Amino acid sequence: MRQLGYVLLISLVLLCFALEQRSSWRAQRLLHGEELAAQRIEQLHKLAKAVVRSGQPAELAELIAAPELSSLTMLEELSKTGMAFAHDEVYVYGMAQTTQALGAGSGPRYGFILRAWPIDFGVTGDLEFHIDSKGNAFHGQNTKGRSGVTIDFPPAFPAADVGSRRSGWWRVKLADRN
């Protein structure tokens with residue numbers, strides 16, 4: 001009987017160890033997905049800025065053809081005029097064009113809003129990323145169920161609560177602020 005107690009104790013310790021390892025692996029996978037998404041949205045931002053500086057509107061469909069974004073696949077069925085979506089099996093990326101009139105004698109000024117959110121919240125990532133038309137970057141958590149691939153998909157652009165107090169969005173710095 002005593003030997004059975006030792007076996008049960010060792011089994012319990014091994015089970016706790018296995019659960020801890022699984023939890024650690026899941027956390028590492030979430031962080032890795034979020035890091036990749038942050039890098040890709042920064043790459044999209046950098047490429048879109050270069051196009052906008054040239055005086056042309058930026059289209060996500062054109063930007064994902066860049067070699068550094070070769071892992072993105074367009075979601076043609078969701079994309080429409082002025083808005084496009086792509087994914088990389090971990091995150092979905094959205095881009096909405098903005099246009100601002102500069103005044104008499106000037107052409108329009110083009111801009112964009114970028115958004116990225118996990119394909120599966122809690123599995124491929126927990127953070128959303130947002131870059132507004134002025135280049136301000138934010139990340140947030142989906143605490144209010146504001147977007148996802150199963151609810152409210154695709155999310156509205158621009159999101160009215162981004163940057164407002166108590167919205168669940170926090171301002172962050174991009175690596176490339178040129």
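The values are calculated or read from the model by the stated rules, or taken from the named source; none is laboratory data. Since this is a predicted model, take the numbers as computed values, not measurements. Positions of Cβ are generated from backbone atoms using ideal geometry, with glycine treated the same way; all protein chains shown enter the neighbour counts.
Has segment 18-32 got any residue that is assigned to a helix (DSSP H, G or I) and buried (at least 16 other Cβ atoms within 10 Å of the Cβ)? Lay out the reasoning, then the answer.
Just the residues of segment 18-32 that are assigned to a helix (DSSP H, G or I), to begin with: 18-32.
Now restrict to residues that are buried (at least 16 other Cβ atoms within 10 Å of the Cβ): 30.
Checked segment 18-32: at least one residue is assigned to a helix (DSSP H, G or I) and buried (at least 16 other Cβ atoms within 10 Å of the Cβ).
Figure legend. Inter-residue proximity from segment 69-96: first residues acidic (D, E), second residues outside any loop (DSSP other than H, G, I, E, B) and surrounded by 20 or more Cβ atoms within 10 Å (Cβ to Cβ), beta-carbon distance below 7 Å, spacing 6+ or different chains. Indicated pairs: D88/R40.
Here's a check for you: in segment 82-94, which residue that is of a type in the set (A, V, I, L, M, F, W, C) and modelled with pLDDT of 85 or more is nearest to L30 (Cα to Cα)?
That would be V90.
The set of residues in segment 1-32 being over 22 Å from Y91 (Cβ atoms) and among the charged types (D, E, K, R) consists of R2, E20, R22. Residue selection: Q39 satisfies the criterion of being closer than 26 Å to G122 by Cα and surrounded by fewer than 14 Cβ atoms within 10 Å (Cβ to Cβ). Among the residues of segment 153-169, not a single one is within 22 Å of L72 (Cα to Cα), surrounded by fewer than 11 Cβ atoms within 10 Å (Cβ to Cβ), at pLDDT below 80 and over 11 Å from the mean Cα position of the chain (by Cα).
Among the residues of segment 1-55 satisfying the criterion of being charged (D, E, K, R) and either touching a Gly at 6+ places or on another chain (Cβ under 8 Å) or at pLDDT below 80 (or both), which is nearest to G140 (Cα to Cα)? Among residues in segment 1-55 that are charged (D, E, K, R) and either touching a Gly at 6+ places or on another chain (Cβ under 8 Å) or at pLDDT below 80 (or both), the one nearest to G140 (Cα to Cα) is E34. Return yes when E77 is modelled with pLDDT of 75 or more and in a loop (DSSP other than H, G, I, E, B) and no when it is not. Yes. Checking each residue in segment 100-151 for being buried (at least 20 other Cβ atoms within 10 Å of the Cβ), modelled with pLDDT of 75 or more and small (G, A, S) picks out A116, G125, A137, G140.
Do you know which residues across segment 42-72 are surrounded by fewer than 15 Cβ atoms within 10 Å (Cβ to Cβ) and within 15 Å of R115 (Cα to Cα)?
Start the filter on segment 42-72 by keeping residues that are surrounded by fewer than 15 Cβ atoms within 10 Å (Cβ to Cβ), which leaves 50, 53-56, 61-62, 65-68, 70-71.
The one that is surrounded by fewer than 15 Cβ atoms within 10 Å (Cβ to Cβ) and within 15 Å of R115 (Cα to Cα): A61.
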